[in-house]
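Before any comments, here is the structure.
The values are calculated or read from the model by the stated rules, or taken from the named source; none is laboratory data. As the structure is a computational prediction, the values presented were derived from the model and not from experiment. Cβ: placed from backbone, ideal geometry, glycine included. Neighbour counts: every protein chain shown.
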Amino acid sequence: MVRLVQYPAYREFNQWRIDANDYGQALAIGVRIACSHITRARDADPKQTLPEAFPDIAGVQRLRVKLSTASEIMLESERFLAYMAIPFYVAVYDELLLQTLRLLIDEHVVPYRDTSKVGLTDLRSTFRDEVGVQMPEPYTALFDWLQYLRNRIIYRGARVSSSLVSDWKHLDATAKAIWIRAAKRSPVLDPGKRADLRDGEVRATLAVTYRLAVSMNEELARLVQPNVWLRVAARDFVETYPRITELSRDRLVPKLLAHARIYYRPLDLPERDLLEAFDRLHTARESARPQRPRRPLR
């Protein structure tokens, strides 16, 4: 099992990834359950409309179609779920990169820049050129294609271009195999038509972005200096438990060390150095806190 550095941005990404997978699968399964019920109702009475067959379902009156048509619409809705899910899942990965870049800026690992103006391509090049992060080539090439697919969904209503097809054809065999293994099929791309995307392509998007996130995490653990990680771990602890400094030293220290073991285990941070980093952070915060004016003596 790969052990990763669970700094705050990565923890948030991982929870988003889990939630996105669970809720996305729930929607896809819900569509299939609905199709199953509609099929049984259609077999019992083919002339019924959807509102007649399921009058107690909220909003059903908005889809006044025969059950045979309703079944077709339900099956096709999986495509539109994919149109919404794929850009969202790419955005979750994009947010991980952005928040990680902000962390590196705060810790003076990379020079300051206005992160609100940094695009996804610039983010990736920043980690490569300024931090030295090396990502696995099949996945980076695949993500380039996935980003292009995302753009076609957002800006062209998922209409396939000849260049999207060409870029897929020019991917190497390893990258194609990764996508096909996750999606359970090759992409269905017909130039001029809307891409036939389904649950498989959604799973493949999650697989690619997760693998890239894991690779970046491993690279950051290797490349970022230990003194930076000590500051990150200390600040993470304080921000996770803002009232922790009210505890006595005997109670605070075990909690700090436990936090580091749970979330920063791969770094093997020395306990003494971690305590010193925490003390420096705490002292700096106390110094920056506005002092209450003293009442004059009477």
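For the reader, a short list of remarks on this structure follows.
- Among residues of the stretch 58-82 being surrounded by fewer than 18 Cβ atoms within 10 Å (Cβ to Cβ) and among the hydroxyl-bearing types (Ser, Thr, Tyr), the one that is farthest from residue 151 (Cα to Cα) is 68.
- The listed residue being under 30 Å from residue 104 (Cα atoms) and touching a residue at least 12 places away in the same chain (Cβ under 8 Å), out of 42, 3: 3
- Among the conditions (1) buried (at least 17 other Cβ atoms within 10 Å of the Cβ); (2) out of contact with any helix residue (DSSP H, G or I) (no Cβ under 7 Å at 6 or more places or on another chain); (3) not assigned by TED's automatic domain parsing to the domain that holds residue 153, residue 237 misses just one, which is (2).
- Looking only at residues of the stretch 111-147 that are in a helix (DSSP H, G or I) and touching an Asp or Glu at 6+ places or on another chain (Cβ under 6 Å), we find that the one that is surrounded by the fewest Cβ atoms within 10 Å (Cβ to Cβ) is 120.
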